[in-house]
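Here the structure is laid out as structure tokens; the discussion comes afterwards.
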Amino acid sequence: MGKKLFMAQKRGETRAVCLGIGMIICSVMMFFLLGVTVIPKYIKSVWTEKSNCTLVQAAFKDGENCIHNSNTKPEIIVKYPCLEVLVNLNFSNFWNFSEDVFMLYHTEESPEWNDKCTYVPDCKENFTEVENLLQKIQGNFNKTSSFFCYFDPKGRQKSIILVRKFGPEKMISYFFWPTSMFTVGLFVVTIVKISQYSAMISVQANRANT
């Protein structure tokens, strides 16, 4: 009976160690993926200073072509509306041209997708749905003429962004789960190894006493 209990305990410890090591390996892989995808964008994100922007204009421009892919239909070229938002930077200790008009983008990635549009919608076959979405966004800008925005304090980027997709707070959220997984996996392996070491010391002490 004692031998069976000992073997069951060993199997449980082995499974726990494998689980912990698996969690550590998965977290390391997640760290690697974040390191090659998110970290470079965080480094390139120069819009670090928060300020207040005043709306100058929120208007539609000529539509931009996008290709809609479907599993059941061939590729369809759709022309979606392009919303352009221009703003003034109300306060800046770094720039001396706060009265100038700047292009507002949604995130750091928006200029890479389309530098003519503030917000780049998903390419959908339903044009009316996209148009209604952009009209709603335009209405929100017109209702709130002043809002927070981000700019480059060193003047490397003359554009303004509304949301920092790769700011410090976002980076914490990106790395929260892999860090938690790594910590739990390391904790499980450590606890099992301490338990095994304590059991070995206890067995050696009993042998010495006998």
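Across segment 127-152, the qualifying residues are those that are part of a helix (DSSP H, G or I) and among the β-branched types (Val, Ile, Thr), and the one among them that is modelled with the highest pLDDT is 137. Screening residue 51 on (1) modelled with pLDDT under 90; (2) open to solvent by less than 60 Å² (accessible area, probe 1.4 Å); (3) closer than 20 Å to residue 190 by Cα shows it passes everything except condition (3). For segment 37-47, the set of residues classified as more than 13 Å from the chain's Cα centre (by Cα) and assigned to a helix (DSSP H, G or I) consists of 43, 44, listed by residue number. Among (1) surrounded by fewer than 15 Cβ atoms within 10 Å (Cβ to Cβ); (2) assigned to a helix (DSSP H, G or I); (3) small (Gly, Ala, Ser), which single condition is residue 155 missing? Just one mismatch for residue 155, condition (2).
Just the residues that are surrounded by 17 or more Cβ atoms within 10 Å (Cβ to Cβ) and under 18 Å from residue 86 (Cβ atoms), please, taken from segment 118-136.
118, 119, 120, 134
Report, ordered by the first and then the second residue, all pairs with beta carbons closer than 9 Å, sequence separation of six or more or different chains, a first member in segment 2-30 that is over 17 Å from residue 191 (Cβ atoms) and hydrophobic (A, V, I, L, M, F, W, C), and a second member that is loosely packed, with under 14 Cβ neighbours inside 10 Å and modelled with pLDDT of 90 or more. Close Cβ pairs (under 9 Å, with a partner that is loosely packed, with under 14 Cβ neighbours inside 10 Å and modelled with pLDDT of 90 or more) amount to 30/177. Screening 94, 32 for residues that are within 27 Å of residue 171 (Cα to Cα), modelled with pLDDT of 90 or more and not hydroxyl-bearing (Ser, Thr, Tyr) leaves exactly one candidate, 32. For segment 183-205, indicate whether the set of residues that are surrounded by 10 or more Cβ atoms within 10 Å (Cβ to Cβ), among the polar types (S, T, N, Q) and farther than 27 Å from residue 21 by Cβ is non-empty. No.
Within segment 158-182, being buried (at least 18 other Cβ atoms within 10 Å of the Cβ) and β-branched (Val, Ile, Thr) holds for 160, 161.
In segment 105-117, the residues that are closer than 16 Å to residue 43 by Cα and touching a residue at least 24 places away in the same chain (Cβ under 8 Å) reach residues that are open to solvent by less than 20 Å² (accessible area, probe 1.4 Å) and polar (S, T, N, Q) with C-beta atoms within less than 8 angstrom, at least six apart or across chains, in these pairs: 108/45.
The values are calculated or read from the model by the stated rules, or taken from the named source; none is laboratory data. Because the structure is a prediction, the values reported are computed rather than measured. Here Cβ is always computed from backbone atoms with ideal geometry, including for glycine, and neighbour counts include all displayed protein chains. Each accessible area value is taken on the protein alone, full model and side chains, heavy atoms only, with ligands, DNA and RNA left out. Shrake-Rupley method; radii C 1.70, N 1.55, O 1.52, S 1.80 Å.
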